[in-house]
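Input: a single structure, listed below in structure tokens.
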Amino acid sequence: MGCDNKMKVLHLISGGDGGGAKTHVITLLKKLIKEGIEVELLCIMEGIFTEEAKLAKIPTTIIKQKRRYSIKPILEIKKHIIEGKFDLVHCHGARANYIAFFIQNSIDIPFITTLHSDYKLDFKDSLYKQAIFMPINAISIRKFDYILAVTNAFKNMLLSRGFDENKLKVIYNGIDMTKDIRPMPKEEFFKAHNIEYNKNYTYIGIAARLQAVKGLEHFVASAKILLEKNKNLMFLIAGSGSLEDSLKSYIKENKLEDNIKMLGFLKDIDSFYNAIDINVLTSYSESFPYALLEGARLKKATVATAVGGIPEMIKDNQTGFLIKPEDSKDIAEKIEILLKDKSLIQKFGENFYDYVSENFSDNKMAHTHIEIYKNIVKEKQYDR
């Protein structure tokens, strides 16, 4: 290992990532540092991700790769890894996997990757990217010494695609449930977004990238169904992405502007969850979404599709409602049950908070990573 037997780990990620991957990596690295692991974050672009990492005092290096196929930055990254005397390289995402594909055979340390999503759906919004980058990523993933799947469902998916079971490890995402959260008061949040707050309304929200895989068309369609019976509802969408214009068109064409508000990308996501009463996720595919863990931290009743690892965190009719993917009517029906029984909103929120606190803490996530790191490094040294 590195100096003084202290493990030294490089985390490689594009730096353009948002949502769950960003939250996961920053949460994990902060905790690993506290546990005595020497970590460094290496990104190939600058943005919100690198800004947040620096604010969290995570050692961050940027080696820019302006074009995906540019070789020079890959050679610089290889040199950085060798000179840094790292014990292990941990990749996150397609760009990082692609870079690792070209350098791992020439560096005698373990390379591992975390699978945050189904790689076959990562480029679903672009036929060009789907045709070019998805196969490259699929090949790259198979070359790693180990793959960390964030759910049992993902592990089983990889097994069904012929991956070696000995290379697969399951490690759940974690969140800091002890964090001192100070969200805006509800009235202040709505005022900041030019929305009139009505205490008689129930606020239903979804925080997601505005991309096809998130199933947002079913969220707005379920809103239309519910608003036909009950006008005392407000639906909030937090996120940005390629579907923004089509969602806005649907809302306008169906005259839903008064009751569905698109807030764009939000940095202060805790204030969003504090403002809503019911947290919804309508994805066709998911791993172990932070959008639900963050809602749980603020004790929000949850309605989410039974895909990926979601059934591993949502116990149907106990910690929330599971719904069918691509089924607007099912979403509306489950929300309506909560609207008719407000005590169930509170019960689900409390139950989910307790379940996440016990099973999906950042402490547990970090300790599992450290154990895996140690075993992998020992195994690599034994094989030499």
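Coordinate-derived values only; no laboratory data. Since the model is a prediction, treat every value here as computed from it, not as a measurement. With ideal geometry, Cβ positions are generated from the backbone for all residues, glycine too; neighbour counts draw on all protein chains shown.
After finding the eigenvalues of the alpha carbon gyration tensor for region 186-359, what semi-axes result from the square roots of 5 times each, listed largest first in whole Å? Walk me through the numbers before you get to the answer.
Numbers: eigenvalues 97, 64, 53 Å².
They are 22, 18, 16 Å, listed from largest to smallest.
Could you identify which residue out of Ile44, Ile71, Ile99 has the top mean-square fluctuation in a GNM of the chain using Cα springs shorter than 10 Å?
Of Ile44, Ile71, Ile99, the Gaussian network model singles out Ile71 as fluctuating most.
Can you compute the label reach from Phe265? Point 7 Å from Cα along the Cβ direction, backbone N cut-off under 19 Å, restricted to region 5-25.
Zone members listed by number: 13-25.
At q = 0.30 Å⁻¹, work out log10 I(q)/I(0) for region 328-384 with the Debye formula, treating every Cα as an identical point scatterer and leaving solvent out; two decimals please.
Calculated log10 I(q)/I(0) at the listed q: -1.05.
Tell me which residues come under 5 Å, amide H to amide H, from Ala207 once H is placed; ignore anything under 5 positions away on its chain.
Ala238, Val280
How much length is gained if the chain between Ile139 and Leu344 is pulled fully straight, taking 0.36 nm per residue apart and subtracting their Cα-Cα distance, in nm to one decimal? The partial results should precede the final answer.
Values: separation 205, 0.36 × 205 = 73.80 nm, distance 4.62 nm.
69.2 nm is the gain from fully extending Ile139 to Leu344.
Please identify the trypsin sites (Lys or Arg not before Pro) of region 21-104 that satisfy two criteria: DSSP loop assignment and at most 11 other Cβ atoms within 10 Å. Which are they?
Lys57, Lys66, Arg67, Lys85
State the extension gain, in nm to one decimal, for the chain segment bounded by Glu312 and Glu196, taking 0.36 nm per residue of separation less the distance between their alpha-carbons. Walk me through the intermediate numbers first.
Working: separation 116, 0.36 × 116 = 41.76 nm, distance 3.70 nm.
Full-extension gain reported as 38.1 nm.
Cα to Cα, under 23 Å, and not fewer than 8 places away if on the same chain: which lysines meet these conditions relative to Lys155?
Lys22, Lys120, Lys124, Lys143, Lys167, Lys169, Lys214, Lys315, Lys324, Lys364, Lys374, Lys380
Once the piece of chain linking Glu336 and Ile33 is laid out straight, how much longer is it, given 0.36 nm per residue of separation minus the C-alpha distance between them? Mind showing how you got there, number by number?
Numbers: separation 303, 0.36 × 303 = 109.08 nm, distance 4.46 nm.
Separation in residues times 0.36 nm, less the Cα-Cα distance, equals 104.6 nm.
How many angstrom lie between the C-alpha centres of region 324-339 and region 157-203?
20 Å
I want to check the label-to-label distance for Lys120 and Ser246. Put each point 7 Å from Cα in the C-beta direction and report it in nm to one decimal.
If labels sit at Lys120 and Ser246, their model points lie 2.1 nm apart.
Among all stretches of the chain without exposed GluC sites (Glu not before Pro) (DSSP loop, at most 10 other Cβ atoms within 10 Å), which one is longest?
Here the longest segment lacking exposed loop sites spans 1-195.
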